[in-house]
There are 2 protein chains.
Amino acid sequence: MRIELLFTPQQIDEMTLREKTVVAIDVLRASTTITTALHNGAREVIPAATVEAAVKIAGNLAGDVTLLAGERNARMIQGFHLGNSPLEYTPEKVRGKSIVFSSTNGAQVFAKGRMARELMVCSFVNITTVVEHLGAQPRDFTIICAGTNGSFSLEDSVCAGMVVHGLAEGNPDGLSLADGALASMTLYRSYGRSILKMLKTGEHGRLLEELGFGDDLAYCARVDAVPVLPVMDGNVLKLKRDAEKKDIAGPVS
Amino acid sequence: MRIELLFTPQQIDEMTLREKTVVAIDVLRASTTITTALHNGAREVIPAATVEAAVKIAGNLAGDVTLLAGERNARMIQGFHLGNSPLEYTPEKVRGKSIVFSSTNGAQVFAKGRMARELMVCSFVNITTVVEHLGAQPRDFTIICAGTNGSFSLEDSVCAGMVVHGLAEGNPDGLSLADGALASMTLYRSYGRSILKMLKTGEHGRLLEELGFGDDLAYCARVDAVPVLPVMDGNVLKLKRDAEKKDIAGPVS
């Protein structure tokens, strides 16, 4: 099993993702938030690279079941229903809804990742679910870290390293690691003892604390608190079990 | 002193380099080779992003003092005088010569880095010279790792981390580290005990060994063996002391 890793999404060549299995990581906060939203009953999350695209997509959907969500530079977008704090995505707010989601970093990865053969959403809150899924279907995959404003982010890299470490523990000889995957595992082994402390060390975590989102950090550090697997299904993110139900029933017209 | 770090050159926005101090790292092998060539008496090294550009530049220079040098995918380019093994760049071959240099990864960084306010070439063989220079003129800088074919490379990142570590030792409170700079320091502290072993761990080092360049790895691992500072001077790389001589004497016509 070969593991490649991109520390920033600028490195993505969309076309080369076509046949790939992709693990998309944006710990603070898109991956955590989307996973929480789907676990709490959202019907689907539709990633949009730009605010304009989000508004346009939402305009084509029924208003009473659609929520506009996301952030720019960690702040809620004017006129949107939800920001990018996972704590906002309660069952009361999101059950049955289609959420059109645009964020500074993560949404870019999800939007580009539509070309992938398979794309799953990963963060600390669902990491063992991701590792178990990858371990159960041994094939090459690429981890894409969202980073922060185009730069390397510590928390995404440590999360990536925890995935690699989890697979290496079960199968140390069966892995072929690109240098980035190896380095991420080294970073996880250095910073993994306290995920919360690591989140508070990274630059984006420090910014979020300054902006009053300290509770978000504590939530995003809760390893395996939301043990579900969001995957890309066409152009939308759904829980894997829901995407599979549809596959069994045949395409919904 | 703020330290930013780019693990791959795709992240370079040439225009934003304009006012920046840049440390360009391609351990295997462009940084090591260029530093060796200048130390062994080459007049200058002219980086060229493409083979075509290299041939064109060389065509405009006097043939008897010009050498075409570099590699594509670790192999010498047909018709070129030198490859990218630092061991080829002996005083006998390079003294007094202008070397037009094109390599798969490093030359891209040097070619783009022309826009920088100051650009220095760094590898393990001249690392303390680089750290001392940075420490003596405390200002923000950006480390750019050449990586390998657009991907993260272990050896460039560990070398970057050794620079950050060297500066942090002298001035632990005076540094503001971007996440990438912090991560590189963590990698250096994990892998720095044996640079040669680390070079043999990374993918590009393993490829070079397979291609018969094992002696290059041993050379590239020789910390401070070539204690000089190559810098960008206009469009060419020179030793800093030679660039300064010219500044004192006025521009050479």
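Values quoted throughout were computed directly from the atomic coordinates according to the rules given, and no laboratory measurement underlies them. Keep in mind that what you see is a predicted model, and the values were worked out from it rather than measured. Glycine also receives a Cβ, built like all others from the backbone with ideal geometry; neighbour counts cover every protein chain displayed.
The Cα atoms of chain B give a gyration tensor whose axes a ≥ b ≥ c have a/c of 1.5 or more with a/b no greater than b/c, which makes the shape oblate.
Ignoring aspartates and glutamates fewer than eight residues from B:Lys112 along the same chain, the ones with Cα atoms less than 13 angstrom from its Cα are B:Asp13, B:Glu14. Only Lys, Arg, Asp and Glu carry charge here, each on its Cβ (+1 for the first two, -1 for the last two); on that basis the protein assembly as shown has a dipole of about 240 debye about its Cα centre. Each of B:Met15, A:Met198 has some number of other Cβ atoms within 10 Å of its Cβ, and from fewest to most they run B:Met15, A:Met198. The string of couplings for region A:113-124 from the Karplus curve (6.51, -1.76, 1.60, θ = phi - 60°) is x, 4, 6, 5, 5, 8, 10, 10, 9, 10, 7, 5 Hz, one whole number per residue in order, with x for Gly and Pro. Using only side-chain charges placed at the Cβ, +1 for Lys and Arg and -1 for Asp and Glu, the dipole size of region A:2-239 relative to its Cα centre rounds to 240 debye. Distances between equivalent label points of A:Lys56 across the copies, with each point positioned 7 Å along Cα→Cβ, amount to 3.7 nm, shortest listed first. Per residue of peptide B:178-191, the mean number of Cβ atoms on other chains within 10 Å of the residue Cβ is 6. Pairwise Cα separations in the protein assembly as shown fall into 20 Å bins from 0 onward with the following percentages, short to long: 23, 49, 24, 4, 0.
Legend: mean number of C-beta atoms from other chains within 10 angstrom of residue C-beta atoms, peptide A:150-158, equals 5. Cross-link reach is defined here as a Cα-Cα straight distance under 18 Å, omitting same-chain residues fewer than 8 places apart; for B:Lys240 the aspartates and glutamates meeting it are B:Glu44, B:Glu118, B:Glu132, B:Asp224.
The amide H of B:Leu119, built 1.01 Å from its N in the peptide plane, has B:Val22, B:Met232 as neighbours under 5 Å, considering only residues 5 or more places off or on other chains. Across region B:10-20, computed HN-Hα scalar couplings (Karplus, 6.51 cos²θ - 1.76 cosθ + 1.60, θ = phi - 60°) run 4, 6, 6, 9, 3, 5, 6, 7, 3, 9, 9 Hz from first to last residue, x flagging Gly and Pro.
The magnitude of the dipole of region B:25-100, with charges of +1 and -1 set on the Cβ of Lys/Arg and Asp/Glu and taken from the Cα centre, is near 20 debye.
Note on B:159-172: average number of Cβ atoms from other chains within 10 Å of each residue's Cβ is 0. Centre-to-centre, using Cα atoms only, region A:193-225 and region B:85-105 are separated by 49 Å. By the helix-only formula, in which each DSSP H run with n ≥ 4 contributes -39500 (n - 2.57) and the sum is divided by residues, chain A has a 222 nm mean residue ellipticity of -11500 deg cm²/dmol. Of all beta bridges that DSSP places with both ends in region B:2-231, some 15 percent have antiparallel geometry.
Relative contact order, whole percent, for region B:2-231 stands at 32, derived from Cα pairs under 8 Å and 6 or more residues apart.
Between A:Ser85 and any residue 5 or more places off or on another chain, the built amide H atoms are never under 5 Å apart. Annotation: amide H-H contacts under 5 Å for B:Ala221 (H modelled 1.01 Å from N, sequence separation of 5 or more, or interchain): none. A straight line joining the Cα centroids of region B:117-190 and region A:1-60 runs 32 Å. Projecting the Cα atoms of A:Val121, A:Asn149, A:Gly79 onto the dipole axis of region A:2-239, where Lys and Arg carry +1 and Asp and Glu carry -1 at the beta carbon, places A:Gly79 farthest toward the positive end.
Checking the Cα-Cα distances for B:Lys97/B:Lys245; A:Lys93/A:Lys197; B:Lys56/B:Lys245; A:Lys97/A:Lys245; A:Lys93/A:Lys238; B:Lys97/B:Lys238 against a 20 Å cut-off, the pairs over it are A:Lys93/A:Lys197; B:Lys56/B:Lys245.
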